[in-house]
Every structure is written in structure tokens, then in C-alpha cells.
Amino acid sequence: MGEAYTVFVCAETPCLSMGSEDVYRAFEAEVKRQGLSNVAVEISGCHGHGLCNHGPSVVVEPEGIFYLGVRPEDVPEIVSAHLRDGRPVERLLYRDPKSGRLIARYHDVDFYRKQCRVILRNCGRINPEKIDHYIAAGGYRALAKALLKMTPEQVIEEIKRSGLRGRGGAGFPTGRKWEFARNVCSPEKFIICNADEGDPGAFMDRSVLEADPHAVIEGLTIGGYAIGATTGFIYVRAEYPLAVKRLRIALDQARAKGFLGKNILGSGFTFDIYLKEGAGAFVCGEETALIASIESQRGMPRPRPPYPAQAGLAGKPTTINNVKTLASVPIIIDRGAAWFAGIGSEKSKGTTVLALSGKIVNAGLVEVPMGTSLSTIIYDIGGGIPDGKRLKAVQTGGPSGGCIPARIPDTPVDFESLAMVGSIMGSGGMVVMDEETCMVEVARYFLSFTQAESCGKCVPCRLGTKQMLEILTRITEGKGQEGDVETLLKIARTVKETSLCGLGQTCPNPVLSTIHYFRDEYEAHIKEKRCPASNWERLPLKSRRGVRAPR
Ligand SMILES: Cc1cc2nc3c(=O)[nH]c(=O)nc-3n(C[C@H](O)[C@H](O)[C@H](O)COP(=O)(O)O)c2cc1C
């Protein structure tokens, strides 16, 4: 018998929808039928994110041999040729689209080579439904270290020194947030994991929850210890049923192993975590709306102060952190603040997970050190723009973000640099646009999202998003009027300054940045009734669904 193999069959949402469950069962049956005692068959989260449209994918460890498009009928050949005889099945390996070369190991695929997996460290490498896999990968070591060898203050100090900043959008330093919470005197405090992920096209948090739920549970428990919380919540949108299922399994397993509950690991610290499923409203990602939703009220924001850190859930001090922020915590405690601070740029430490989409050859989740340039992400990792077209702009930060024109391709992707060019990191959305993308349509698209998601509580957001959307729609339909751009700017600035919560305060950003960098395109639509980005001569030609009009 040769070396021991583990076959990881991807069981994340896209591969499952392509039949990976049948592939998993076929492996189990075939390995048994051929009597291979040195092969384990496991499900996993996504192996690489990026080639999901070629699934179901299978990785054979420890070699890291990567198969794509595996069907149950391919399984007997993989088992006999590869797992029994040691000869990987070539026809199912990844083929580099540029060179046509077959690439057997997924670490050697261009899309993955320049990435740096910290938050996604276990994705695709462990079975998310088995706590022992997580423990074997070093999981819960940080919790033991924090509870048994460190005081809460030392944990906070370590997180502060690591430079970790919140990955939910605003980038607030996590250590400072925890310090405020620790210093509030209250017999009862809460810590919440914000897994509401609502940006269009974003699926970073879902992937972490589906592939590595224990990392989030461990991070939340360490956070609870640091701030002195008694209870944790994970607020996860109900549209993520697989994430919910895996979290439930993981929570039960963590309790059974004594990582949650009374007197955790004999440390005297008692803490448990509850799941709350949200109904999928974007605004419920805002902290005060999220708290209202957990309290079974309508998910609407309220004015701050008081901040959740002073009076949050049930009026008690409450800390809220994003999924990726919390998944970063165990590895920081385990490997030390200096290790983490050694990754990234001067003021933005660690890595960022981006959902790369749009006009790009390799779309998918990309994890890179903070400060990596846009051009590295788009060309070296993303494989460039398809069909020989030119890059026009990149939209970062989702509906709260802005568009960066192609003439500044070396912009580093970190909190400061993106803010300097009028955009934001946000939670990690990155939409690549080619020369045929209409920038007015881009602004209209994002506004249509925020207008639909505005909770309507405050007037500027409720009416402002509607007015902006009406004007943008008119312009894209060739009915724009003289003065529309000025009106848009005026409304956008008012909505930004006067809205109650972050939704209204940031939703004008796609409008403002497209006007700033592509004003001539707005003018062409209004004055010449023409969209310069397309070959079409007159508007309305571009369908709002992005379908090209017939020539
Ligand atoms: C409209 C709106 C939606 C938001 N959605 C999310 C979300 O889905 N996930 C998230 O972590 N943060 C979201 N945020 C940011 C959170 O309110 C909060 O700042 C964040 O969870 C804090 O965690 P962090 O410090 O770890 O980033 C949203 C904010 C606003 C204004």
C-alpha cells in the first residue's frame, strides 16, 4: 500500500449545486469496493474559490492534486488509477487557459500562487463538520492559550499590537474596540458575530462559515473572554442555510468538547454562543439595526449615542465584530501579534479577502496581503480582462464604495489608499469593468440596490435614494436633462451628511465617484443621448439587466 490519501470533495454551495454530494458518495462506495484502506474520503469547504464554475472540485491530499468537473462516473478511474496506482487522471486536471498546460497541484495554479491565505487558511483543507479536523489543524490551541496563559488585558494588548482592523467595512481597530468594551463596568455584556453579509456579489463571510465555522466560534469566544462577556451571538442571514447548518454542528461539537459552556477548559470562564437567523435585510448589518433584530424588533437603526458598547443588546454593553475579523483572532493569538503585523501595509495589517467579479478572467474569492496593488489582483491573480478588452475601472467596497479609474492601477488595496482615491475597502467586493461598461449604469445599479434596501426610517435616505435613482434611470434611458448632474451631486451630498445610519451615509458613494472620474460620460448621455461606452448610437439601448441590445 502507498501513502495515506485524503480525498476532499468540495461541499460548498456552488459545488453542491453541481452534484458534489453524489461525487462524495461515489468515492465512499468505490474506495470501499476496491478495498483501499489507506484512503479517507471527506467533505470540505471550497478548495480555492475562483474555479467554482468548473466544479465539482476534488483535492487529493497530501499531494494537493486538483480535479475539476468530477462526475460520479469519473470516480472509479480516479480511485483505481490515482489512489491505487499513483497515476493522477490527466483529463480531469486543471488546464491553464493561457499556456494550455496541465497543472496538477492547486498551489501551482496562477490564480492561487500570489495569494496569502490567513483568513481562508483552513478552507478546503478540513472537513468543517468534524471538530477533530479543526483541532488537528491547530484549532482551539489559541483559546487554550488565551484562557489559561493570558489575562483578558493581555489578549487585548496582543490584538492591539497585531494591528487587526475590522473586516466588516469601517476598519476600526479591533483591539481598541475590545478595550472600550472591557472598560465598561457591567455584570452582563454581549459579543456578536455579524454574519449578515448583504453586499451584492459578496460571499466571503459565507465561505468562511461554510468551510471553517470553528475559527469564528473560537475567535468569538476569545473576544468574549477579552471583553468580559457572558454570552455570544452569531447573527447569520437565513439565506445561508448551509452556513447555519455547519454552525449548529460546530457549536454542538464545541460544547461537547468543553470549548463552550461552563468553566471552559477549567479556566473559570463561562461562555456560550447562540445563533440568530436574520431575514436578509441589508440594513440589519448596521449595528443598531442588528441588535433590534436580535431583540425581535423591526431591524431598523437608531441614532447613536448611546453606542452599542455602552447600551446595546437588552441595554447591556455589546461588541459586534465581522466574521473575517473573528476568524483572524485565533491565528493572531496562536502565532503572535508580530507575525500578523508583518503581513500587509503600514497601517493596514494582515490580509483582505476580496470577492473578485465582473469583467475578469478568474472570478472568485482572493485573499492577499493588505497593500497589494490593484494591478496585481486584476492581472496576475485575476488573469486580466477577457476578450482582449481594456480595463476601465474597478468598483470596490460594494454599495458603499466607489469606482477607481484604470489610470491608477497601482493603487494599493488597503484602508488608507482606497479612501484616498474616493473609495473604500468595505467588506471586500471588487467589480472589474471593461471599456464597454457604462458608468452611469453602474451607479444606477448600486443605487437601485440601496434604494430597495433603505429601511425608510429617515427622510434623507428614504427620499434621497429614490430621487437619485429616478434621475439615474432617466439618464440611462436617454431622457437626462441639463442640470441633472448638479442635482445628483446636491442630493448625494445631502443624503451623505444627514442620513441616520451608514446605509444612507455611504450609498451616494458610487454616484459621487462615477461623477468625479467619469463626468464626461454623464454629459454624453444627457447632451448627446449617447452612451460612449457602448457601440450603440442612441439610448435607450442598454438593457438594465446588462443584456446587449441587438445590432
Ligand atoms: C447598512 C450596513 C450594512 C452592514 N453590513 C454588514 C455586514 O453584513 N457584516 C458586517 O460584518 N458588517 C456590516 N456592517 C458594518 C457593521 O455595522 C459593523 O461596523 C461591523 O460588523 C463591525 O465589525 P468589525 O469591527 O469587525 O468590522 C454594515 C454596516 C451598515 C451601515
Six or more apart or on different chains, Cβ atoms under 7 Å: show the pairs whose first residue is in region 255-277 and closer than 18 Å to residue 319 by Cβ and in contact (Cβ under 8 Å) with a residue 24 or more places away in the chain and whose second is acidic (Asp, Glu) and not in a loop (DSSP other than H, G, I, E, B).
260/272
Residue 362 fails exactly one of (1) farther than 30 Å from residue 15 by Cβ; (2) of a type in the set (S, T, N, Q); (3) away from the ligand (no atom under 14 Å from the Cβ); (4) in contact (Cβ under 8 Å) with a residue 40 or more places away in the chain, namely (1)
Take the conditions in the same structural domain as residue 138 (by the TED database), hydroxyl-bearing (Ser, Thr, Tyr) and either touching a Phe, Trp or Tyr at 6+ places or on another chain (Cβ under 6 Å) or outside any helix (DSSP H, G or I) (or both) and apply them to residue 207. Does it pass?
no
Any residue that is charged (D, E, K, R), within 13 Å of the ligand (Cβ to nearest atom) and open to solvent by 10 Å² or more (accessible area, probe 1.4 Å) - is there at least one of those in region 171-178?
yes
Across (1) out of contact with any Leu (no Cβ under 9 Å at 6 or more places or on another chain); (2) closer than 20 Å to residue 293 by Cα; (3) more than 7 Å from the ligand (Cβ to nearest atom), residue 186 clears everything bar (2)
Out of region 352-374, which residues are more than 23 Å from residue 438 (Cβ to Cβ) and either open to solvent by 10 Å² or more (accessible area, probe 1.4 Å) or in contact with a helix residue (DSSP H, G or I) (Cβ under 8 Å, 6 or more places away or on another chain) (or both)?
353, 354, 362, 364, 365, 366, 368, 369, 370, 371, 372, 373
Boolean, residue 369 is more than 21 Å from the chain's Cα centre (by Cα) and more than 16 Å from the ligand (Cβ to nearest atom):
no
Among the candidates 245, 276, residue that is outside any helix (DSSP H, G or I), surrounded by fewer than 24 Cβ atoms within 10 Å (Cβ to Cβ) and basic (Lys, Arg)
276
Among the residues of region 475-505, which ones are assigned to a helix (DSSP H, G or I) and open to solvent by less than 40 Å² (accessible area, probe 1.4 Å)?
475, 476, 484, 485, 488, 489, 491, 492, 495, 502, 503, 504
Subset of region 271-294 that is more than 10 Å from the ligand (Cβ to nearest atom) and out of contact with any helix residue (DSSP H, G or I) (no Cβ under 7 Å at 6 or more places or on another chain) - its residue that is farthest from residue 399 (Cα to Cα):
272
Please give the helices (runs of 4 or more DSSP H) falling wholly within region 1-119 in which 1 or more residues are modelled with pLDDT of 95 or more and aromatic (Phe, Trp, Tyr).
20-33
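The values are calculated or read from the model by the stated rules, or taken from the named source; none is laboratory data. All figures in this text were calculated on a predicted structure; none of them were measured in a lab. Cβ atoms come from the backbone with ideal geometry, glycine included; neighbour counts cover every protein chain shown. Just the protein is used for accessible areas: all its heavy atoms, side chains included, with ligands, DNA and RNA removed. Shrake-Rupley method; radii C 1.70, N 1.55, O 1.52, S 1.80 Å.
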